[in-house]
């Protein structure tokens, strides 16, 4: 006898709760990693947790097949299961996460191409998190105008670790001084109270107390960053500007480890701190990448259908040799499809490109690699594509695109936040803005290198500039690990014939890299290139890269703070 409809619905619910519990187990390890300064272990946990969702989906599919037998793929059964499952979710804060898990199961079982609205949960016309009114767990503190440091002594006392603070009073006083300085424009005694989420957020080598600070008539985000290094456990920085906190929660950073009992109420709280950040990005940066994909799909297609006269067009920038890229001008996303054939000198295969994007998904992105989410079997009305874009996709991306009546179906694309291409940005800005952007571009290459990431193709067209002016890399087809490269000095010519040769006169291996020649492939205007060569001379020195490789082999990764030096405490 096979399981009843209600039993199948409970099995799906139990499958999600098992995933949620295992997700929490990995997240909880972050505290111990931080206390023990086990940074390699923290990196392993991040990769393990990313793969957990698909493992739990596969296990639940097997459970359903055993329980339901041949009925498991019956559409009539799932129409009933959907109703029973919805009843189990009534009143749950994280009902949307349960629904996304259910949708993934249904698509695996039915090999769904696109969305099946009869079987799946797809609330296109609402924002589900708007219905969450449950207050997330938090601590609240009132500040004394004469002794503000006392409140922060209580804060640090409430967030205890198995290692003591090196100088708790000094840290508390430094927080108080920083808040008074940052918020002085609020008036006399600007800080009246502070509230912080109970849950500590961890990522890379830092722990974060996340909340908001209140004045008499206004409030601001407040994030206290803790470090544990050779000097002990201490407060390293305080962030109160929205742009700094938005960058901390940005789509070019790896996901937080945060042991949240429920997620939806935390998302609502974080949206109050960052009202300009899309809800999908908040879910994603909390490690709920599948929910982030669902929210991104929901919000994009809702906007897409609200703009019936707007066409999908080529994205701004130099056309890629590997990817075709399109966008909806009024919405800040781009869709990237792998071409069927790559122009010379690109030599990789389609499978290798997919592997590069999968690699980035698991890397520590240090604020310099843009998150790229894969979507399969997206359907768009054929008429919504510009004629030039439609022709290119059908002729050059036929492995990924097909026509189905009045629709184009995209088998696989990567969706990223749309940034302004750096090469276009450099043409549009003043001399000083160009210089700042070029230096940050070099800093981006440096940050990636220090985390064992080599971009391969350094041309500015492969970098974007965020609305806050930060350079981010987003074209991954030639990306590799620094440890996979052989960094060599460019040999000196032995005679005039070698000096005047159009081609190298010596043998070059497939992984050989010559940093001294980077300047030739950066494509920067002369003044900006000169500034980069002056301020980032190590980038052009093969010895600097070789020393990084030695450190990586020994398990040493330099620290890359996710905020500027001006945010750090004395």
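The values are calculated or read from the model by the stated rules, or taken from the named source; none is laboratory data. For clarity, every value in this text was computed on a predicted model and none was experimentally measured. Note that each Cβ is placed from the backbone with ideal geometry, even for glycine, and that neighbours are counted across all protein chains shown.
Side notes on the structure shown:
- Selection status of residue 45, closer than 23 Å to residue 120 by Cα and either surrounded by 13 or more Cβ atoms within 10 Å (Cβ to Cβ) or modelled with pLDDT of 95 or more (or both): no
- Whether a residue is in a helix (DSSP H, G or I) and either in contact with a strand residue (DSSP E or B) (Cβ under 9 Å, 6 or more places away or on another chain) or crowded, with 20+ Cβ neighbours inside 10 Å (or both) was assessed, and residue 354 passes this test.
- In the set (1) surrounded by 20 or more Cβ atoms within 10 Å (Cβ to Cβ); (2) within 22 Å of the chain's Cα centre (by Cα), the condition left unmet by residue 299 is number (1).
- Top-ranked residue in the stretch 226-242 [being surrounded by fewer than 16 Cβ atoms within 10 Å (Cβ to Cβ) and touching a residue at least 40 places away in the same chain (Cβ under 8 Å); ranked as farthest from residue 570 (Cα to Cα)]: 241
Residues are listed down the side, and each one gets a yes or a no for (1) in contact (Cβ under 8 Å) with a residue 12 or more places away in the chain; (2) in a loop (DSSP other than H, G, I, E, B); (3) farther than 26 Å from residue 551 by Cα:
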residue	(1), (2), (3)
443	yes, no, no
447	yes, no, no
457	yes, yes, no
469	yes, yes, yes
477	yes, yes, no
492	no, yes, yes
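- If only residues of the stretch 121-141 that are closer than 18 Å to residue 300 by Cα and touching a helix residue (DSSP H, G or I) at 6+ places or on another chain (Cβ under 6 Å) are counted, the one that is modelled with the highest pLDDT is 121.
- Here residue 86 qualifies as assigned to a helix (DSSP H, G or I), more than 24 Å from residue 413 (Cβ to Cβ) and touching a residue at least 12 places away in the same chain (Cβ under 8 Å).
- Residue selected from the stretch 142-157 under the condition part of a helix (DSSP H, G or I) and in contact with a helix residue (DSSP H, G or I) (Cβ under 7 Å, 6 or more places away or on another chain), by the criterion surrounded by the most Cβ atoms within 10 Å (Cβ to Cβ): 152
- Within the stretch 553-570, the set of residues being part of a helix (DSSP H, G or I) and buried (at least 17 other Cβ atoms within 10 Å of the Cβ) comprises 567 only.
- Check on residue 403, in contact with a helix residue (DSSP H, G or I) (Cβ under 8 Å, 6 or more places away or on another chain), surrounded by fewer than 16 Cβ atoms within 10 Å (Cβ to Cβ) and not in a loop (DSSP other than H, G, I, E, B): yes
- Number of residues in the stretch 460-473 that are modelled with pLDDT of 95 or more and either within 17 Å of residue 365 (Cα to Cα) or out of contact with any strand residue (DSSP E or B) (no Cβ under 7 Å at 6 or more places or on another chain) (or both) equals 8.
- Among the residues making up the stretch 383-400, those that are surrounded by 15 or more Cβ atoms within 10 Å (Cβ to Cβ) and part of a helix (DSSP H, G or I) are 384, 389, 390, 392, 393, 394, 396.
- In the stretch 311-330, the residue that is nearest to residue 397 (Cα to Cα) out of those that are in a loop (DSSP other than H, G, I, E, B) and without any contact (Cβ under 8 Å) to a residue 40 or more places away in the chain is 321.
- Among the residues making up the stretch 261-294, those that are over 16 Å from residue 100 (Cβ atoms) and in a loop (DSSP other than H, G, I, E, B) are 261, 274, 275, 276, 277, 278.
- Of 7, 30, all but one fail to be out of contact with any strand residue (DSSP E or B) (no Cβ under 6 Å at 6 or more places or on another chain) and either more than 30 Å from residue 558 (Cβ to Cβ) or crowded, with 16+ Cβ neighbours inside 10 Å (or both); the exception is 7.
- The lone exception for residue 245 - which of (1) under 22 Å from residue 559 (Cβ atoms); (2) at pLDDT below 95; (3) in a helix (DSSP H, G or I) it fails: (2)
Yes/no matrix, rows are residues, columns are (1) assigned to a loop (DSSP other than H, G, I, E, B); (2) out of contact with any helix residue (DSSP H, G or I) (no Cβ under 8 Å at 6 or more places or on another chain); (3) surrounded by 14 or more Cβ atoms within 10 Å (Cβ to Cβ):
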site: 62; (1), (2), (3): no, yes, no
site: 67; (1), (2), (3): no, no, yes
site: 71; (1), (2), (3): no, no, yes
site: 79; (1), (2), (3): no, yes, no
site: 93; (1), (2), (3): yes, no, yes
site: 103; (1), (2), (3): no, no, yes
site: 106; (1), (2), (3): no, no, yes
site: 109; (1), (2), (3): no, no, yes
site: 116; (1), (2), (3): yes, no, yes
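- Complete set of residues in the stretch 494-533 that are assigned to a loop (DSSP other than H, G, I, E, B) and touching a residue at least 12 places away in the same chain (Cβ under 8 Å): 505, 506, 509, 511, 514, 522, 523, 524, 525
- Answer residue from the stretch 33-50, given it is without any contact (Cβ under 8 Å) to a residue 60 or more places away in the chain and in a helix (DSSP H, G or I) and is nearest to residue 554 (Cα to Cα) among those: 41
- Among (1) within 15 Å of the chain's Cα centre (by Cα); (2) at pLDDT below 95; (3) within 22 Å of residue 243 (Cβ to Cβ) - the single one residue 272 does not satisfy: (1)
- Within the stretch 161-182, being buried (at least 19 other Cβ atoms within 10 Å of the Cβ) and not in a helix (DSSP H, G or I) holds for one residue alone: 165.
- Test: residue 430 is in contact with a helix residue (DSSP H, G or I) (Cβ under 8 Å, 6 or more places away or on another chain) and in the same structural domain as residue 545 (by TED's automatic domain parsing): no
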